[in-house]
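Working notes for the structure below.
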Amino acid sequence: MAKKLLVFIFASLFLSCNLNQNVKSPSGSGDFISSTNINAFEMAKKLGKGVNMGNALEAYPDESSWGNPIKDEYFTLMKQAGFDTVRIPIRWSTRAQTTSPYTIDSNFFQRVDHVVDTALSAGLNVIINIHHYEEIISDPQGHKERFLALWRQISDHYKNKPDNLLFEVLNEPYGSLESYWKDFMTNAIKVIREKNPTRIVIIGGINWNSIDGLTNLYVPQNDPYIIATFHFYEPFVFTHQGAEWGGSISNVSNIVWPGPPATPVNIPAGLDSWISNWLVDYNTKQGAENPASSNQIISRLNTVSNWSANKNVPVWLGEFGVYGRYADINSRVRWTHFVRTECERRNISWCYWEFSAGFGIYNPSTGQWNSQLSNALVGE
Ligand code: BGC
């Protein structure tokens, strides 16, 4: 205990020495970049309650293609409802040249500028990332240079923005990228640090930013401006029942939370075996043993907070939510409220997936909140 206290005092002294300095750009350009006033622990706390502006700037091929273009008013609505932070997923990879120098389309940059400025002006903290860079999953080595070139441009473009604009290196690395992730991520941070020496950078682990990815994540040493992120959709068969993009899980329905169900659910033929096995346990196991019990969530979030404490790295929940196609609203509300409050109990700031589409808390057609869900997040 005393040792932990000493480490804490030492870390606080070290960090406070780094505050309020102006840092000269290592690029040699001579321009001074004002440093952040805030270290990663303080920023992680400040992120507070967040929501993803998903299915818009990462939609393909255009912002409107998934039926959810961003309206300026959304950010004021979020702020008024009690959110502190918005994460804006962005698909840069289809808006940049495919050969060197990989220039990002200037019209797209202007659109992102407008969205970022509108969200910042509404008083929100803003996180931008690289989202759905699918080509880097299928051919990591073929895209390393391009990935770094994208970050060089994004980092340069936003270097003068206030410190509550944060960069997140890449959404949900998985598949063949996993074995390269440490190398790609550390190099992206180096590139970002050329122009943004103290801006908070968010990194997540492999296996789709899972908790297992987090606990195996390499965190660069001597950089007090890093927050680690994870995504939480457990139990996946509950949160993603009916998900059209999830293979055979699209045929699963009637999963309530918490389990077990009052009457066992039908297990359709043709499911992936891990899903049908999960459903057998869901139908039969009682109490804490049930895979849809609240204890399962508690134990997973404890893994996160233990990792954060042992590594002395702040963590942030960047996505969690339940897809609304088949899941009943009461289960969605219970799960959402439970995850939110268990995070808050552990001082983990969170960001709901997402604002106004399939997991949404706001209906863009009627202009109405789904008040049960929004209360589960920002009520009380
Ligand atoms: C993906 C979305 C998906 C969500 C939940 C996000 O990271 O970008 O397409 O709906 O995770 O699966």
Interchain or long-range residues, amide H under 5 Å from residue 166's placed H | 126, 127, 128
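Loop-only check: which chymotrypsin sites (Phe, Trp or Tyr not before Pro) in region 213-269 are DSSP coil with at most 14 other Cβ within 10 angstrom?
Numbers: sites: 218, 225, 230, 232, 233, 236, 238, 245; in loops: 218, 225, 233, 245.
In loop regions of region 213-269 (DSSP not H, G, I, E or B), the sparsely surrounded chymotrypsin sites (Phe, Trp or Tyr not before Pro) are 218, 245.
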Enumerate the calculated ³J(HN,Hα) couplings along region 48-56 in order (Karplus 6.51 cos²θ - 1.76 cosθ + 1.60, θ = phi - 60°), each rounded to whole Hz, writing x wherever the residue is Gly or Pro.
-> x, 9, x, 9, 8, 8, x, 6, 10
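Could you give the length gained by full extension between residue 62 and residue 42, i.e. 0.36 nm per residue of separation minus their alpha carbon distance, to one decimal place?
Details: separation 20, 0.36 × 20 = 7.20 nm, distance 3.56 nm.
Value of the extension gain: 3.6 nm.
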In a Gaussian network model over the chain where Cα atoms closer than 10 Å are linked, find which of 87, 199, 95 has the largest mean-square fluctuation.
-> 95
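Tell me which DSSP H helices of the chain clear both cut-offs, 20 Å or more of axial length from alpha-carbon atoms and a mean Kyte-Doolittle hydropathy of at least -0.5.
Passing helices, by number: 2-17, 106-121.
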Run through the DSSP bridge list for the chain and note the antiparallel percent, rounded to the nearest 5.
-> 20 percent
Show that you can apply the helix-only estimate: for the chain, add -39,500 (n - 2.57) for every DSSP H stretch of four or more residues, divide by all residues, and state [θ] at 222 nm to the nearest 500.
-> -12500 deg cm²/dmol
Can you work out the FRET efficiency for the pair residue 277 and residue 251, with r the C-beta to C-beta distance and R0 = 25 Å, to the nearest 0.05?
-> 0.95
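Going by the alpha-carbon gyration tensor, a ≥ b ≥ c the square roots of its eigenvalues, is region 276-380 rounded (a/c under 1.5) or, if a/c is not under 1.5, prolate (a/b greater than b/c) versus oblate?
Details: a/c = 2.23, a/b = 1.17, b/c = 1.91.
It is oblate, given that a/c is not under 1.5 and a/b is not larger than b/c.
If the only charges are +1 at each Lys and Arg Cβ and -1 at each Asp and Glu Cβ, what is the size of the charge dipole of region 259-380 around the Cα centre, to the nearest 20 debye? Each step should come with its number before you reach the end.
Details: 9 positive and 9 negative charges, 36 e Å.
Using only the charged Cβ atoms, the result is roughly 180 debye.
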Dipole moment magnitude, nearest 20 debye, the chain about Cα centre, only Lys, Arg, Asp, Glu C-beta charged = 1020 debye
Please give the FRET efficiency for residue 344 paired with residue 135, using the beta carbon to beta carbon distance and R0 = 35 Å, rounded to the nearest 0.05.
-> 0.40
R0 of 30 Å, Cβ-Cβ distance residue 267-residue 330: FRET efficiency to nearest 0.05 = 0.85
By count of other Cβ within 10 Å, fewest leading, how are 168, 42 ordered?
-> 42, 168
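Which whole-number percentage describes the relative contact order of the chain, with Cα contacts under 8 Å and a sequence gap of 6 or more? Write down the numbers at each step before the final one.
On the way: 664 pairs, mean separation 63.0, N = 380.
This gives 17 percent for the chain.
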Could you tell me which of 290, 270, 47 has its Cα farthest along the dipole of the chain towards the positive end, charges placed at Cβ (Lys, Arg +1; Asp, Glu -1), taken about the Cα centre?
-> 47
Global geometry of the chain, whether rounded, prolate or oblate, following the gyration tensor of its Cα atoms and the 1.5 cut on a/c | prolate
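A short reminder: the numbers here are calculations on the coordinates, not readings from a lab. Predicted, not measured: the structure shown is a model, and the values here were computed from it. As a convention, Cβ positions derive from the backbone with ideal geometry for all residues, glycine included, and neighbour counts pool all protein chains shown.
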